[in-house]
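The next block holds one structure in the form of structure tokens; read it before the comments.
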Amino acid sequence: MLIEYYPSNSFLHKLDVRTKTLWFIILTVISFRFDSPVINLVLVLALWMMIYMSGSPLSTIKHVLKPLIPIFIIMLIVTGFTYPIENIHTAAYKKIIFAFPGNTLPLTIGGMLYGFTLVLRIFVMVLASSLITLSTSIEDILQFLKKMRLPYQLAFVIATGIRFIPTMQKKSEMIQDAQRARGANPGKGGIVKSIKSFIPVLIPMIVDSIRMSDNLAMATLNRGFGSMKKTTDLHEIKMQGSDYIICAAGIILMVIMILAGSKITGVI
């Protein structure tokens, strides 16, 4: 689920969308450069602090991360049992916590730490992307896509999709609440029963999506969408001096972290 734009007057909101996108790439590269959970944990804490300092509600982030908890647990367990011992460089991390008969699929400390690293990488990407959507209006995202030389029609489709994902999520929750009020339990029971229980939710969602897309199409046609090859914007996004400084600092940080590599302590 994507997060809607949250208006605020924070420093992060004033940054150009290109600066924030570059930092998303930088943080993602750094998180995938190291197998150390320590490095990725520092990134997660830094991003969490940035969200707090931007004035954005932390409850929205928790709402996004909550459905991912079962996936995180599965990743930890599977990686703990399947991560090769020969890839673990620290002797203490090679310790076997549990193993099946015949010493097959040993659960090692290093495997659990690597699984924790994978979970933290997802945290980094989720929090970094949430920072962009929380602090960037849909108009700025549309301008950014246009400056990337995407056709205006395609940029409009992408920006509109980003805009309406949170809306459809809210509608889905409303429909599920209405179903529960009528005695239904969507998502409860076994796998087959859970899938069947979501059919009464899925049908109204499809109907409402078709109705919404039809209304949006009529609204865009009434405003002359597509009649001009070149479009103008009310407020043009511009890189400020602070944007260039922050972009340069991010690139320098990424180069240092890449060159540091496995020399940083705490690697598996």
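Observations
- Test: residue in segment 121-141 that is assigned to a helix (DSSP H, G or I), at pLDDT 80 or above and farther than 30 Å from M49 by Cα: no
- Extreme residue, modelled with the lowest pLDDT, among residues of segment 49-60 that are surrounded by 14 or more Cβ atoms within 10 Å (Cβ to Cβ) and more than 16 Å from K170 (Cβ to Cβ): S56
- Here S10 meets each of (1) within 30 Å of F116 (Cβ to Cβ); (2) at pLDDT below 90; (3) not aliphatic (A, V, I, L, M) with one exception, condition (1).
- All positions within segment 196-214 that are among the hydrophobic types (A, V, I, L, M, F, W, C) and either part of a helix (DSSP H, G or I) or in contact (Cβ under 8 Å) with a residue 40 or more places away in the chain (or both): I199, V201, L202, I203, M205, I206, V207, I210, M212
- Any hit, segment 194-205, residues being of a type in the set (F, W, Y) and modelled with pLDDT under 85: yes
- Pairs, first surrounded by 10 or more Cβ atoms within 10 Å (Cβ to Cβ) in segment 82-94, second of a type in the set (S, T, N, Q) and part of a helix (DSSP H, G or I), C-beta under 9 Å, six or more apart: H89/S262
- Among (1) surrounded by 12 or more Cβ atoms within 10 Å (Cβ to Cβ); (2) outside the structural domain of L22 (by TED's automatic domain parsing); (3) not polar (S, T, N, Q) - the single one L154 does not satisfy: (1)
- Matching residues in segment 46-81 - criterion: being free of Cβ contacts under 8 Å to residues at least 12 places away in the same chain and more than 17 Å from the chain's Cα centre (by Cα): I73, I74
- Test result for I252, at pLDDT 85 or above and over 16 Å from R18 (Cβ atoms): yes
- Any helices (runs of 4 or more DSSP H) falling wholly within segment 15-102 and containing at least 1 residues that are over 30 Å from S242 (Cα atoms): 37-53, 58-65, 69-82
- Set side by side, the residues I141, I122 differ, and just one is under 20 Å from M75 (Cβ atoms), in contact (Cβ under 8 Å) with a residue 12 or more places away in the chain and within 20 Å of the chain's Cα centre (by Cα), which is I122.
- So F116, is it in a helix (DSSP H, G or I), at pLDDT 80 or above and over 17 Å from the mean Cα position of the chain (by Cα): yes
- L68 surrounded by 17 or more Cβ atoms within 10 Å (Cβ to Cβ) and closer than 30 Å to T167 by Cα: no
The values are calculated or read from the model by the stated rules, or taken from the named source; none is laboratory data. Treat the numbers as computed from the prediction; the structure is a model and nothing was measured. In this analysis, Cβ positions are derived from the backbone assuming ideal geometry, glycine residues included, and neighbour counts consider all displayed protein chains.
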